[in-house]
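Here's the structure we're looking at; comments come further down.
The values are calculated or read from the model by the stated rules, or taken from the named source; none is laboratory data. Nothing here was measured: the structure is a model prediction, and the numbers come from that model. Here Cβ is always computed from backbone atoms with ideal geometry, including for glycine, and neighbour counts include all displayed protein chains. Areas reflect the complete protein model, heavy atoms only, side chains present, ligands, DNA and RNA absent. Shrake-Rupley method; radii C 1.70, N 1.55, O 1.52, S 1.80 Å.
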Amino acid sequence: MSMSFDQYMKDMVQPMRDELTRLGIEELRTVEEVEAKLPGAEGTALVVVNSVCGCAAGQARPGVARALENEITPDHLFTVFAGQDKEATAQAREYFAPYPPSSPSIALMKDGELVHFIERHQIENRSAEEIAADLVGAFNQYCK
């Protein structure tokens, strides 16, 4: 029995999802889930726009993992997967204005308002350690 392309992609992407969910980051896979969680998230919320690209694997996800080792972390941890859960990702990006869509990217929100954003171009040219340091600085500033 041959595997469908959709099943192949799902199997290929699952480890990329697991890399974040095993850190306690909740996946938002539908527009309804995004709307139920993001606008009403009291306190601080980290939203990771995950991606299959190399910079997500090499820098973004490891950077997020290191940042979450900080003593001060956001109250809520969410992720959407660009290219996989397209509608959920598009809905989450509505909260990231004025930034254009980019994946991967990392948003920090406080009481439903965007307070810190790391775009793809700020991920591609930096190490996981630099991204972690950037996030830790934002956590220390906004997640008190």
If you place +1 on the Cβ of every Lys and Arg, -1 on the Cβ of every Asp and Glu, and leave all else neutral, what size is the dipole of the chain about its Cα centre, to the nearest 20 Debye?
-> 260
Might you tell me the accessible area per residue for the chain, computed with a 1.4 Å probe and given in Å²?
-> 51
Please arrange Asp18, Asp111 by accessible surface area, largest first, computed with a 1.4 Å probe and ligands excluded.
-> Asp111, Asp18
Positive-end residue of Ala45, Val80, Pro100, charge dipole of segment 17-144 with Cβ unit charges | Pro100
The percentage of the accessible area of the chain (probe 1.4 Å, all protein chains present) made up of carbon and sulfur atoms, to the nearest whole number, is 49
By accessible area of protein heavy atoms, probe 1.4 Å, what ranking do Val136, Val52 get, highest first?
-> Val52, Val136
Taking the chain as a Gaussian network, Cα atoms linked when under 10 Å apart, which of Arg93, Arg22, Arg61 shows the biggest mean-square fluctuation?
-> Arg22
Run the 1.4 Å probe and let me know the accessible area of His116, rounded to the nearest 10 Å².
-> 50
So what's the chain giving for Cα Rg divided by 2.2 N^0.38 Å, two decimals?
-> 1.00
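Considering Cα pairs under 8 angstrom that are at least six residues apart, work out the relative contact order of the chain and quote it in whole percent.
Working: 223 pairs, mean separation 45.6, N = 144.
Relative contact order of the chain: 32 percent.
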What angle, in degrees between 0 and 90 and rounded to the nearest 10, separates the Cα long axis of helix 5-21 from the longest principal axis of the Cα atoms of the chain?
-> 20
Quick one: angle between helix 128-142 and the longest Cα principal axis of the chain, in degrees between 0 and 90, rounded to 10, please.
-> 50
Run down the aspartates and glutamates and flag those whose C-alpha is under 19 Å from the C-alpha of Lys10, throwing out any fewer than 8 positions away in its chain.
-> Asp18, Glu19, Glu26, Glu27, Asp85, Glu87
